[in-house]
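Written below as structure tokens is the structure these notes are about.
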Amino acid sequence: MLVALLVLVAAALGGLTLLERGTIPVGTTIAGVDVGGLTRDEAAAAVLPSAQARVARPIRLIGPRGEETVTGRSLGARPLLDPALDEALDAGPAERLLRHAGIGTAGAIGVAYRLGPVRAAELANRLDHRFGEKPRNAGLVVDNGAVTITAPAPGTIVDRGTLRQGLRTLPAELGVPLRRQSPAVGVAGARIAQRRATRLLDGPREVRFRDATAMLSAAALGDLLTTEAGKGALRVALDPQGLRKAILPRLGRFERAPVDARFVVEGNRVRVVPATPGRKLDGERIALSLVSDLAARAHRARFVVARPKLTTEAARNLRITERVSEFTTYYPCCPPRVTNIKRAAALLDGTIILPGKKFSLNGALGKRTEAKGFVSAPQIFNGRFEEAVGGGISQVATTLFNAAFFSGIELVDHHAHQFYISRYPMGREATVSWGGPELVFRNDWPAAILMKLEAGDGGITVRFFSTKLGRRVTTTTGKPYKLTTPKTVTVTNSALPTGTREVVQEAGDGGFTVDFTRQVFRYAKRIRNEHYSQKYDAEDEIVEVGP
């Protein structure tokens with residue numbers, strides 16, 4: 001009987017093996033999806049949507065002081081189906097038979113996920129910042145010349161490996177795993193630094209150069225004392241910037257400021273005057289000498305080369321060699337507006353516009369104030385002339401605009417005056433005011449531009465220097481059309497007596513529209529073909545009357 005039973009079981013196992021060859025046993029789920037009886041490819045296709053949807057589910061990370069929520073998607077999670085499918089197909093014949101008999105254990109298999117390494121590391125850093133505690137190294141404190149040790153304390157840090165392992169299944173929640181982190185410097189390491197610091201502060205020290213000596217008292221050295229943790233020890237140091245400041249009153253006369261390279265205009269050409277390096281007290285090397293040679297009471301001052309901001313090589317690489325445009329506008333001498341024009345010209349003279357960079361007149365001058373040297377003068381506002389600090393700057397804007405116009409660079413933003421002003425070219429002029437309108441242009445040529453401005457009693461000249469690079473500009477201006485005549489505008493002024501009539505602005509020139517063009521060439525190639533149309537209002541008479 002037993003032999004017959006064994007033969008029957010063997011036959012059943014063999015038949016089941018042949019029947020389910022290449023399929024997953026019944027009763028098997030992967031990520032909650034029933035895959036029993038499916039082939040590997042069929043199971044993968046059935047599980048993948050569920051596994052992918054899981055990456056959007058929130059994961060609560062619970063720490064000692066609150067929690068943070070992330071998702072598998074934010075961690076760059078990707079499902080790993082192959083290990084789960086391997087496990088599902090690994091069931092032997094006996095287990096398959098028991099499953100069919102209904103007495104086997106159901107096969108519930110989970111899916112693990114591969115996390116993006118950078119995103120997982122960034123998460124660990126965020127959790128460190130929120131839930132971890134930095135260890136406190138042993139340190140030194142100087143009080144009345146005595147150097148004492150401050151006690152170290154351990155900290156906590158996120159356990160990166162445990163965190164990554166816990167997140168591999170994208171659980172609904174996970175406690176943030178923390179581990180103890182020891183301080184880098186303990187009491188033993190601090191004692192060595194304490195002995196060095198005590199010796200450094202056992203009396204005054206001198207820093208000398210030629211016939212000058214700077215004395216550093218023990219108290220002054222104590223105020224400059226710093227420590228840096230590393231390799232289980234504290235490195236005793238002195239604040240180099242504070243040290244330089246302390247010895248500057250006695251040794252500062254030996255420093256020499258660097259001189260930037262500069263441009264000198266000679267007619268229509270520009271030459272570079274080479275930069276000159278300077279020297280300054282080297283606080284780092286002097287500090288190192290003081291803490292390294294504790295036996296010496298006197299130390300020699302060291303200097304470091306002070307580099308100019310604009311070196312000779314950098315200046316030459318700007319390719320500013322020749323005049324590329326020039327424009328002049330004139331004015332009568334010498335109302336307050338001329339003061340503003342001269343002040344603005346002085347502030348703008350020497351400005352360099354690098355290739356690809358924009359220039360904004362408002363950005364360069366800032367708000368015009370009396371503190372900056374500007375005065376009150378007339379300007380146009382809402383159809384009438386009124387007094388304002390900085391009035392007259394629009395003449396600077398017009399002259400700059402024309403220099404930019406004839407240099408062939410990109411005109412980004414400009415606005416003409418409301419009324420035509422005869423001292424300016426028709427249409428080809430610009431006005432500015434703090435808060436708008438603006439004057440902006442961009443140097444879209446591969447060489448820098450040097451702006452030179454000269455303002456005298458009777459006019460202002462703006463010259464742009466760069467490398468010509470075959471630039472050529474032509475322009476045409478049409479005849480005025482759509483002519484309008486001034487009219488009288490009556491405004492009630494309650495401050496005037498009844499029946500009073502007062503002319504506050506006399507009628508001026510009529511209005512019109514004018515068109516002008518600009519063509520810009522680089523060698524034989526035309527790179528711009530621009531058309532502009534400018535409308536001017538008539539300058540009306542404004543009369544105020546009493547109520």
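For every residue, the table says whether it meets (1) at positive phi; (2) among the charged types (D, E, K, R); (3) in the same structural domain as Val111 (by TED's automatic domain parsing).
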residue	(1), (2), (3)
Gly32	yes, no, yes
Arg40	no, yes, yes
Ala45	no, no, yes
Arg60	no, yes, yes
Gly72	no, no, yes
Pro79	no, no, yes
Leu85	no, no, yes
Asp90	no, yes, yes
Inset, instruction - Examine the stretch 316-331 for a residue that is touching a helix residue (DSSP H, G or I) at 6+ places or on another chain (Cβ under 6 Å) and either part of a loop (DSSP other than H, G, I, E, B) or among the small types (Gly, Ala, Ser) (or both), and state whether such a residue exists. - result: yes
Legend entry - Those residues of the stretch 174-190 which are free of Cβ contacts under 8 Å to residues at least 60 places away in the same chain and surrounded by 14 or more Cβ atoms within 10 Å (Cβ to Cβ), in sequence order: Pro177, Gln181, Pro183, Ala184, Val185, Gly186, Gly189, Ala190
Inset, instruction - Would you check which residues across the stretch 175-213 are in a strand (DSSP E or B), under 41 Å from the mean Cα position of the chain (by Cα) and closer than 30 Å to Leu251 by Cβ and list them? - result: Val207
Legend entry - Positions within the stretch 453-472 being under 39 Å from the mean Cα position of the chain (by Cα), crowded, with 16+ Cβ neighbours inside 10 Å and farther than 22 Å from Arg262 by Cα, in sequence order: Ile460, Arg471
Legend entry - the stretch 197-219, residues that are touching a Lys or Arg at 6+ places or on another chain (Cβ under 9 Å) and either under 15 Å from Gly242 (Cβ atoms) or surrounded by 14 or more Cβ atoms within 10 Å (Cβ to Cβ) (or both): Arg205, Glu206, Val207, Arg208, Phe209, Ala212, Thr213, Ala214, Leu216, Ser217, Ala218
Inset, instruction - Considering only the stretch 220-272, state which residues are of a type in the set (A, V, I, L, M, F, W, C), touching a residue at least 24 places away in the same chain (Cβ under 8 Å) and surrounded by fewer than 14 Cβ atoms within 10 Å (Cβ to Cβ). - result: Ala257
Legend entry - So Val147, is it touching a Ser or Thr at 6+ places or on another chain (Cβ under 7 Å), buried (at least 17 other Cβ atoms within 10 Å of the Cβ) and in a strand (DSSP E or B): yes
Legend entry - Residue satisfying condition, being under 35 Å from the mean Cα position of the chain (by Cα), at pLDDT below 90 and of a type outside the set (Val, Ile, Thr), within set Gly408, Gly390: Gly390
Inset, instruction - Evaluate the following for Leu483: is it in a strand (DSSP E or B) and touching a helix residue (DSSP H, G or I) at 6+ places or on another chain (Cβ under 7 Å)? - result: no
Inset, instruction - Would you check which residues across the stretch 214-262 are more than 31 Å from the chain's Cα centre (by Cα), under 12 Å from Lys280 (Cα atoms) and outside any helix (DSSP H, G or I) and list them? - result: Glu255, Arg256
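The values are calculated or read from the model by the stated rules, or taken from the named source; none is laboratory data. As the structure is a prediction and not an experimental result, all values here were calculated from the model. A quick note on method: Cβ atoms are made from the backbone with ideal geometry, for glycine too, and the neighbour counts reach across all protein chains shown.
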